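The values are calculated or read from the model by the stated rules, or taken from the named source; none is laboratory data. Here the structure is a predicted model, which means the values were calculated and not measured. Please note: Cβ atoms are built from the backbone with ideal geometry, for glycine as well, and neighbour counts cover all protein chains shown. Accessible surface areas use protein heavy atoms only, side chains included; no ligands, DNA or RNA. Shrake-Rupley method; radii C 1.70, N 1.55, O 1.52, S 1.80 Å.
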Amino acid sequence: MADSMVDGAVDGVANGAVAGPDGKLRCPWGLAAPEYVAYHDDEWGQPVRGDRAIFERLSLEAFQSGLSWLTILRKRENFRAAFAGFDIPSVAAFGAADIDRLMNDAGIVRNSAKINAVIANARAAQDLPVGLSDLVWKYANPPAPAPRTMADLPSATPESKALAAELKRHSFKFTGPVTAYATMQACGIVNDHLADCFCRPAAA
């Protein structure tokens, strides 16, 4: 799976679904930390639509690059407060004072390149001929056999590479093929719950 939560959660073991304390089978990373359980069960892989919702997930995946997803998940509410709830017009209007504010906000990841990328991406999203949600969803993967183990999950696909290329053409930053695929997984554009995971039937 593209999301680096797997690196620490699975520790390189390519195994299948694992039973949790409630007896339900889950993707193994979904049991690695308490925060992961709710995220895995209620959000990851569930279809997400709407420009603001897609922008939030794309932004968080960009911030996650090179870090643990758990770090981002634990700071998620801080990110939402810092970035005006990821309202695209609001973030697009951020200026120098906002960048200074964000760089001094210990509640988020204070990386100037990523902060500037999110602001640039909000401006790019405003200029899209179609909405961000429509652009991303048109790269939904064709139906494929359900992955049986973590080893079956790619870090990128032809669809995520094509999505990343289109985003780049529209001046998006920090949205390479791996980040694009992680966003697709998170938003249910591709269903990467393992075949035996109890979430599989509910995910798109």
Going from most exposed to least, what order do Thr157, Thr149 have by accessible area with a 1.4 Å probe? Thr149, Thr157
Average Cα contact separation per residue, the chain, under 8 Å, 6 or more apart, as relative contact order %: 33
Dipole of the chain, positive end: most advanced residue of Ala62, Trp44, Leu153 [Cβ charges, Cα centre]: Ala62
The value for segment 18-98 (convex hull of the alpha-carbon atoms, volume per residue, Å³) is 101
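Within the chain, what's the longest run with no trypsin sites (Lys or Arg not before Pro) in a DSSP loop and at most 16 other beta-carbon atoms within 10 Å? Give the range, please. Walk me through the numbers before you get to the answer.
Numbers: sites that count: Lys24, Arg49, Arg110, Lys138, Arg148.
Longest gap between qualifying sites, sites excluded: 50-109.
Number of Lys-Lys pairs in the chain under 21 Å by Cα, sequence gap 8 or more or different chains? Can you show the working numbers first?
On the way: Lys75/Lys114; Lys114/Lys161; Lys114/Lys168; Lys114/Lys173; Lys138/Lys161; Lys138/Lys168; Lys138/Lys173; Lys161/Lys173.
Lysine pairs, 8 or more places apart or on different chains, close enough: 8.
Please report, to one decimal in angstroms, the Kirkwood hydrodynamic radius of segment 144-184 built from all distinct Cα-Cα pairs. Walk me through the numbers on the way to the answer.
Numbers: mean 1/r = 0.0927 Å⁻¹.
Mean inverse Cα-Cα distance, inverted, gives 10.8 Å.
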Relative to the longest principal Cα axis of the chain, at what angle does helix 158-169 sit, 0 to 90 degrees, rounded to 10? 10
Nearest-ten-degree value, helix 177-186 long axis tilted from longest Cα axis of the chain: 70
Base-10 log of normalised Debye intensity for segment 48-204 (one unit scatterer per alpha-carbon) at q = 0.13 Å⁻¹: -0.60
